[in-house]
1. Take residue 217 and decide whether it is closer than 24 Å to residue 55 by Cα and surrounded by fewer than 17 Cβ atoms within 10 Å (Cβ to Cβ).
2. Search the range 329-346 for residues being out of contact with any helix residue (DSSP H, G or I) (no Cβ under 6 Å at 6 or more places or on another chain) and under 16 Å from residue 262 (Cα atoms), and hand back the single one that is surrounded by the fewest Cβ atoms within 10 Å (Cβ to Cβ).
3. Which numbered condition in (1) at pLDDT 95 or above; (2) in contact with a strand residue (DSSP E or B) (Cβ under 9 Å, 6 or more places away or on another chain) is the only one that residue 196 fails?
4. How many of the residues making up the range 172-187 are touching a strand residue (DSSP E or B) at 6+ places or on another chain (Cβ under 9 Å) and either over 16 Å from residue 396 (Cα atoms) or part of a helix (DSSP H, G or I) (or both)?
5. Taking residue 404, is it surrounded by fewer than 22 Cβ atoms within 10 Å (Cβ to Cβ) and closer than 30 Å to residue 77 by Cβ?
6. Of (1) within 19 Å of residue 258 (Cα to Cα); (2) surrounded by fewer than 23 Cβ atoms within 10 Å (Cβ to Cβ); (3) in contact with a helix residue (DSSP H, G or I) (Cβ under 9 Å, 6 or more places away or on another chain), residue 398 satisfies all except one. Which?
7. Does any residue of the range 271-293 turn out to be outside any loop (DSSP other than H, G, I, E, B), within 30 Å of residue 358 (Cα to Cα) and within 25 Å of the chain's Cα centre (by Cα)?
């Protein structure tokens, strides 16, 4: 038994070493805290705020807050970390101009987290939405670093897990000085988990404060004036339905489809799938020109939000299949009518608000083509939905300034 355990440990160590020495060597060395000398060289003794975001969605959410902190707390140093490779790539493009340092986050191993803490010496730690790690949070608390969760949200699935393993999650949530939740529903869920009311606040969704008009990539070869349907963050099982609906409605219409899969590595797979429907499709990464009747597979990072500025209609993925949906605010902020399926559990309150104001519509696999066709032909319907979506976002703005006020107060304390 002992011999087998020893062998397993050797195999695990060998696998970790191979990963470190493999194609992701730089990333793993950084995440192991083996490149903290560079951090110490870039930072000095000024006030330092450490902001962490998991991946692409959280990095995007953080952008308005990061920009506001840079403007209003100019002398402070800001360190920004992301966990995933795609999140780090987007942070280098969007976040880096407004912060002092962009890094991969540390692995949740005590000695690794200590190396990061010793190098960064944060005066405050801000976590965006999710990505809770026990060692990381407890070591920050042990060093008396004030901690704030921003844009906090709890899906029904997460709530069930948090409640079932409350003995594990409640101490982690208890590390935070304040948990700022997106909605009153999220706050109620935290209360139900036993988090004290004085540690909870509802400050709104940071994504409502993203720029209302985000420019499309300048080299995106979609002819000006052509109606465009943008389908964002799609999952397996949805693309077949989208391609079938697109083919059905383009019989007598000159419409372009931009499809952005949730996982960009599925680009080639979706290219083959689109062509199996008889559609002329190209990958964004190929640089090919979009021609008549074409599908553009957006297999790139950080361009989806800008593409919504071209759209007459947006479909939000993860909602026709049971994946909980994705955030529709980026499309709605640009005045784009929004469609999503019945599975919007992770963004239930935002989806409800959009439906209630008339800026969105719930569709099914059977009704997708019919409803899409109506948006492309009925100008009055399009105008009404567009106006409603944009007005809702305008009404909900202000979350960034509320967060900044709280951050300033925490730093004073």
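The values are calculated or read from the model by the stated rules, or taken from the named source; none is laboratory data. Computed from a predicted structure; not experimentally measured. Backbone-built Cβ (ideal geometry, glycine too); neighbour counts: all protein chains shown.
1. On the way: closer than 24 Å to residue 55 by Cα: yes; surrounded by fewer than 17 Cβ atoms within 10 Å (Cβ to Cβ): yes.
For residue 217, the condition - closer than 24 Å to residue 55 by Cα and surrounded by fewer than 17 Cβ atoms within 10 Å (Cβ to Cβ) - is met.
2. 343
3. Tallying (1) at pLDDT 95 or above; (2) in contact with a strand residue (DSSP E or B) (Cβ under 9 Å, 6 or more places away or on another chain), residue 196 fails exactly one: (2).
4. So the answer is 9.
5. So residue 404 passes the test.
6. Going through the list (1) within 19 Å of residue 258 (Cα to Cα); (2) surrounded by fewer than 23 Cβ atoms within 10 Å (Cβ to Cβ); (3) in contact with a helix residue (DSSP H, G or I) (Cβ under 9 Å, 6 or more places away or on another chain), residue 398 breaks only (1).
7. Checked the range 271-293: no residue is outside any loop (DSSP other than H, G, I, E, B), within 30 Å of residue 358 (Cα to Cα) and within 25 Å of the chain's Cα centre (by Cα).
To keep it simple, each residue is scored yes or no on (1) in contact (Cβ under 8 Å) with a residue 12 or more places away in the chain; (2) under 24 Å from the mean Cα position of the chain (by Cα); (3) part of a helix (DSSP H, G or I); (4) under 17 Å from residue 411 (Cβ atoms).
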site	(1), (2), (3), (4)
40	yes, no, yes, no
49	yes, yes, no, yes
58	yes, yes, yes, no
65	yes, yes, yes, yes
69	yes, yes, yes, yes
75	yes, no, no, yes
90	yes, yes, yes, no
103	yes, yes, no, no
114	yes, no, yes, no
